[in-house]
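Novice: Questions regarding the structure given below will be posed in turn.
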Amino acid sequence: MNSLVRGLTWPIVSLLIVGGTHLVAEMLRPELKDVITPAVVMPLYLVAGAWAGYATVRAGGTFVQGIVAGAILGVLPLALQIVGFGLILGRDGGAVLTAGVFGLIAIFWSGALGSGFASDKSA
């Protein structure tokens, strides 16, 4: 469990900063929803998930714990979409759920890649 905490701390802090500024930016400038698309955020998701998986394994965790780290981290964009953009900004429920699931899956996938990379490097 300690490896999960150590591996997830900074990716969580970083995604909270990114997600928070994203929400505030779209509150102030709603037109940004047309610019900040899945193609724009996908690299952020991939880096964050790979970072979490890699850091968890490097902190003494297993490959499976690295994947779990990716799944845990993936809950953040899902929550941001449902709560931030859905409930707070009042966007279409189906659209925000789809975007949230996209974020969850993308971070989960990259968590698997990051943990696999770290596991391979430690062998």
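The values are calculated or read from the model by the stated rules, or taken from the named source; none is laboratory data. Being a predicted model, the structure only gives us computed values, none of them experimental. Backbone-built Cβ (ideal geometry, glycine too); neighbour counts: all protein chains shown.
For every residue, the table says whether it meets (1) in a helix (DSSP H, G or I); (2) crowded, with 17+ Cβ neighbours inside 10 Å.
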| position | (1), (2) |
| --- | --- |
| Pro11 | yes, yes |
| Thr21 | yes, no |
| Glu31 | yes, no |
| Ala39 | yes, no |
| Pro43 | yes, no |
| Trp51 | yes, yes |
| Tyr54 | yes, yes |
| Gly61 | no, yes |
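Novice: Please work out if Leu28 is among the aliphatic types (A, V, I, L, M) and in contact (Cβ under 8 Å) with a residue 40 or more places away in the chain.
Specialist: Spelling it out, it is not the case that Leu28 is among the aliphatic types (A, V, I, L, M) and in contact (Cβ under 8 Å) with a residue 40 or more places away in the chain.
Novice: Let me ask you something else. What number goes with the only condition from (1) touching a Ser or Thr at 6+ places or on another chain (Cβ under 8 Å); (2) part of a helix (DSSP H, G or I) that Phe85 does not pass?
Specialist: (1)
Novice: Out of (1) touching a residue at least 60 places away in the same chain (Cβ under 8 Å); (2) touching a Phe, Trp or Tyr at 6+ places or on another chain (Cβ under 9 Å); (3) within 24 Å of Val5 (Cα to Cα); (4) aliphatic (A, V, I, L, M), what's the single condition that is false for Ala71?
Specialist: (1)
Novice: Would you confirm whether any residue within segment 52-71 is out of contact with any Ser or Thr (no Cβ under 9 Å at 6 or more places or on another chain) and at pLDDT 95 or above?
Specialist: Yes, the conditions are met somewhere in segment 52-71.
Novice: Does Gly90 satisfy being of a type outside the set (A, V, I, L, M, F, W, C), out of contact with any Pro (no Cβ under 6 Å at 6 or more places or on another chain) and at pLDDT below 95?
Specialist: yes
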